[in-house]
Amino acid sequence: MRVIDTVIIGAGHAGLAVSKRLVDAGIDHVVLERGDIAETWRTQRWDSFALNTPSAVNRLPGGPPAVDPNEFLGRDAWIAELETYARQSALPVRTRATVTAVTADDHGGFVVTIGDDEMVRTRSVVVATGAANVPKVPAAAATIDRRVEILTTGTYRRPSQLRDGAILVVGSAQSGGQIAEDLVDAGREVYLATGTVGRFPRRLRGRDTVAWLSESGWMAQRPEDLPDPAMMRAVQPLISGVGPRGHTLSLQGLARRGVTLLGHFESADGYRLRFAADLAQHVRFGDEIAARIRQHVDDHIARRGIAAPPSEPDPADEPADPETFRSPTELDLADRGVRSVILTTGFRADYSWLRLPVVRSDGSVVHEQGRAPVDGLWFVGLLWLRMRKSGIILGAMDDSAHVAAQVAARGVSHRPRAAT
C-alpha cells in the first residue's frame, strides 16, 4: 500500500491553492480528481457562463497577476487558467482518480480508496470537493408531466439543446437569472419562477462592486460578525459577469426584456403548475439588498475619504415599485407552449464516501474554520468556511494558507507507517 503525507481530494481552485501551499512547504502530497482539473467548472456550467468576480480578485497563491484585472473570464478561459496554474506550479495532480472511501486507520491517519481497490495511506486529508455535487430538485418537480423536458443547472448547456417552444426556469438566484437571460438573448420565450434572492449592482462609484466589498472588509466578515446567523443560509446574490465589465441583473430588468415573472414554484399536477403570490415580495427584497450594498459602499468611501465619482446610470439597478408586479398563481404548460423546464434550485454536497464521524444527517459536515473534529482532516472551498468570501474564488488565497499551515504543523510524529 502506498504511503503519502497528505491527500487532497478535488482539483478545483480551492484544492489547487492548498496544493501550491504544500509544494512551497515541501510537503509530500497528491491531489486526486475524479475527472479532469476543474471538473465541476467543466460539467456544471453552461456555454455562455462567466465568472461573477473580476480577474483582479481571482488570484491563487503564486499565480501570475491578471492580464486584464477588470475582465470576467468565461468558463473555458477559467478552466484553461487553472490547468496552466497546475502545470506551471508543478502540482502533483492525478486525474481520473475517483475517491470511493476515506476511513481511519489504526495509526492516527487514514486510508483513501481510489476506484474499486487501490488504497493509499496518509497522515492528513484535505477535502476540496466543494458543496455543489448533486442537484437539489424540488419535490414538486416529480409531479410535472413526464412528457415535459426537465433539465438542471448542471445539464443545461445552450438554448439550442432545448425543444422548440417556451421554457420555464425555476429559481432566480445567480444561475437562474443568468440562464433566463441566456435564453432571452437567443430569442426564446421565458417564464421565471422567482425566490427570495438579493441582488448586487455590478458597478458602483467607478469600480466593480466586488472590489469595493473586498476592500471594505465586507467579504472578510466572519460568522460571529453577523447580526443574524441565518444570513449564512442566504443564496448567492443575483449578478452577472457576462459582457466586458459584467452587468447588473434584476427581476425588473428581466421583465423589461420580456421574461414573464412568477412567484415561488409550489406544486405541479401534470401540465398544471402552481406558484405562490409572492412575486412583489421578491422584487422588494432584491431592491432592499441592493440598497444596503450601495449604502455600504458609500459609507466606506466616506470613512476613508476616497475620491470616487458618482455611480454610472444603470437602468437594471433602478428600484421598482413591487406593487406593480402581478403574476398568475397557476400556469398550464401545454396552453403556454412550455416544453422545457430548467431547475436552477442549487446543489448539495455528496460526502457518501467520507466514512468518518463528521457528516451530519442533513449532509453537511462538522468543522471549525475548516478543521474537522477528526484529527488530520480539513475542508476547504465551503460557504462560510471561515468568512463570507470562503465559498468563492476570492477566499482561496486566505483559506488555503490557513489549512496548509495546519497540515504542515501536524508534524512528522504523525506520519503513517508503511503496511506490513
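Just name the residue that is farthest from residue 238 (Cα to Cα) out of those in the range 341-360 that are of a type in the set (Lys, Arg) and in a loop (DSSP other than H, G, I, E, B). Outline the logic, then answer.
Step one: filter the range 341-360 for residues of a type in the set (Lys, Arg), giving 348, 355, 360.
If we keep only those that are in a loop (DSSP other than H, G, I, E, B) as well, we get 355, 360.
Details: 355: 36, 360: 29 Å.
Step by step, filter the range 341-360, then rank; the result is 355.
Can you pull out every residue in the range 51-62 that is surrounded by 19 or more Cβ atoms within 10 Å (Cβ to Cβ), in contact (Cβ under 8 Å) with a residue 24 or more places away in the chain and either more than 25 Å from residue 175 (Cα to Cα) or small (Gly, Ala, Ser) (or both)? Full working, then the answer.
At the first step, the residues of the range 51-62 found to be surrounded by 19 or more Cβ atoms within 10 Å (Cβ to Cβ) are 51-55, 57-58, 60-61.
Remaining after also requiring in contact (Cβ under 8 Å) with a residue 24 or more places away in the chain: 51-54, 57-58, 60-61.
If the condition is that a residue be surrounded by 19 or more Cβ atoms within 10 Å (Cβ to Cβ), in contact (Cβ under 8 Å) with a residue 24 or more places away in the chain and either more than 25 Å from residue 175 (Cα to Cα) or small (Gly, Ala, Ser) (or both), then 61 is the only one that fits.
Give the residue that is farthest from residue 278 (Cα to Cα), with candidates limited to residues of the range 307-333 that are of a type in the set (A, V, I, L, M, F, W, C) and surrounded by 14 or more Cβ atoms within 10 Å (Cβ to Cβ).
Narrowing the range 307-333 to residues of a type in the set (A, V, I, L, M, F, W, C): 307-308, 316, 320, 325, 331, 333.
Now restrict to residues that are surrounded by 14 or more Cβ atoms within 10 Å (Cβ to Cβ): 308, 316, 320, 325, 331, 333.
On the way: 308: 38, 316: 21, 320: 15, 325: 10, 331: 15, 333: 20 Å.
It comes out as 308.
If you go through the range 191-215, how many residues are under 24 Å from residue 271 (Cα atoms) and out of contact with any Lys or Arg (no Cβ under 9 Å at 6 or more places or on another chain)?
From the range 191-215, those under 24 Å from residue 271 (Cα atoms) are 191-195; that's our starting set.
So of that shortlist, the ones also out of contact with any Lys or Arg (no Cβ under 9 Å at 6 or more places or on another chain) come out as 192-195.
Going through the range 191-215 one residue at a time, the tally reaches 4.
Looking at the range 208-234 only, could you name the residues that are assigned to a loop (DSSP other than H, G, I, E, B), among the charged types (D, E, K, R) and either surrounded by 15 or more Cβ atoms within 10 Å (Cβ to Cβ) or touching a residue at least 40 places away in the same chain (Cβ under 8 Å) (or both)?
Here is the first cut: in the range 208-234, the residues assigned to a loop (DSSP other than H, G, I, E, B) are 217, 221-222, 226-228, 234.
Now narrow it down to the ones that are among the charged types (D, E, K, R): 222, 228.
Answer for the range 208-234, where residues must be assigned to a loop (DSSP other than H, G, I, E, B), among the charged types (D, E, K, R) and either surrounded by 15 or more Cβ atoms within 10 Å (Cβ to Cβ) or touching a residue at least 40 places away in the same chain (Cβ under 8 Å) (or both): just 222.
Taking only the range 88-124 into account, find how many residues are in contact with a strand residue (DSSP E or B) (Cβ under 9 Å, 6 or more places away or on another chain), assigned to a loop (DSSP other than H, G, I, E, B) and not hydrophobic (A, V, I, L, M, F, W, C). Spell out the reasoning first.
Applying the first criterion (in contact with a strand residue (DSSP E or B) (Cβ under 9 Å, 6 or more places away or on another chain)) to the range 88-124 yields 91-95, 97-105, 107-116, 118-124.
Now drop any that are not assigned to a loop (DSSP other than H, G, I, E, B), which leaves 91-92, 95, 97-98, 105, 107-109, 115-116.
Subset that is not hydrophobic (A, V, I, L, M, F, W, C): 92, 95, 98, 105, 107-109, 115-116.
So the count comes out to 9.
Quick one: which residue in 165, 130 is surrounded by fewer than 18 Cβ atoms within 10 Å (Cβ to Cβ) and on the phi > 0 side of the Ramachandran plot? Lay out the reasoning, then the answer.
Details: 130 fails: surrounded by fewer than 18 Cβ atoms within 10 Å (Cβ to Cβ).
Checking each option against the conditions leaves just 165.
Which numbered condition in (1) in contact with a strand residue (DSSP E or B) (Cβ under 9 Å, 6 or more places away or on another chain); (2) at pLDDT below 95; (3) surrounded by fewer than 17 Cβ atoms within 10 Å (Cβ to Cβ) is the only one that residue 237 fails?
Only one criterion in (1) in contact with a strand residue (DSSP E or B) (Cβ under 9 Å, 6 or more places away or on another chain); (2) at pLDDT below 95; (3) surrounded by fewer than 17 Cβ atoms within 10 Å (Cβ to Cβ) is unmet by residue 237, namely (3).
Out of 290, 277, report the one residue that is touching a strand residue (DSSP E or B) at 6+ places or on another chain (Cβ under 8 Å) and either on the phi > 0 side of the Ramachandran plot or not charged (D, E, K, R) (or both).
Values: 277 fails: touching a strand residue (DSSP E or B) at 6+ places or on another chain (Cβ under 8 Å).
Being touching a strand residue (DSSP E or B) at 6+ places or on another chain (Cβ under 8 Å) and either on the phi > 0 side of the Ramachandran plot or not charged (D, E, K, R) (or both) holds for just one of 290, 277, which is 290.
Somewhere in the range 16-30, is a residue on the phi > 0 side of the Ramachandran plot and either touching a strand residue (DSSP E or B) at 6+ places or on another chain (Cβ under 7 Å) or free of Cβ contacts under 8 Å to residues at least 40 places away in the same chain (or both)?
Restricting attention to the range 16-30, the residues satisfying the condition of being on the phi > 0 side of the Ramachandran plot are 26.
From what is left, the residues that are either touching a strand residue (DSSP E or B) at 6+ places or on another chain (Cβ under 7 Å) or free of Cβ contacts under 8 Å to residues at least 40 places away in the same chain (or both) are 26.
Taking every residue of the range 16-30 in turn, at least one turns out to be on the phi > 0 side of the Ramachandran plot and either touching a strand residue (DSSP E or B) at 6+ places or on another chain (Cβ under 7 Å) or free of Cβ contacts under 8 Å to residues at least 40 places away in the same chain (or both).
Being out of contact with any Gly (no Cβ under 8 Å at 6 or more places or on another chain) and at pLDDT below 95 narrows it down to one residue among 201, 229; which is it?
Details: 201 fails: at pLDDT below 95.
Every option except 229 fails the conditions.
Quick one: in the range 372-404, of everything that is without any contact (Cβ under 8 Å) to a residue 40 or more places away in the chain and over 21 Å from the mean Cα position of the chain (by Cα), which residue is farthest from residue 11 (Cα to Cα)?
By that ranking, first place goes to 373.
Cβ contacts < 7 Å: first residue in the same structural domain as residue 191 (by TED's automatic domain parsing) and free of Cβ contacts under 8 Å to residues at least 60 places away in the same chain, restricted to the range 305-334; second residue of a type in the set (Lys, Arg) and surrounded by 15 or more Cβ atoms within 10 Å (Cβ to Cβ), any location; separation 6+ or different chain. Result?
From residues that are in the same structural domain as residue 191 (by TED's automatic domain parsing) and free of Cβ contacts under 8 Å to residues at least 60 places away in the same chain, the pairs are 322/284; 330/272; 330/274.
Here is a yes/no grid of residues against (1) within 22 Å of the chain's Cα centre (by Cα); (2) polar (S, T, N, Q); (3) closer than 30 Å to residue 245 by Cβ:
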| residue | (1), (2), (3) |
| --- | --- |
| 88 | no, yes, yes |
| 91 | no, no, no |
| 109 | no, no, no |
| 138 | yes, no, no |
| 158 | yes, no, yes |
| 162 | no, no, yes |
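The values are calculated or read from the model by the stated rules, or taken from the named source; none is laboratory data. These figures come from a predicted structure and were not determined experimentally. Glycine also receives a Cβ, built like all others from the backbone with ideal geometry; neighbour counts cover every protein chain displayed.
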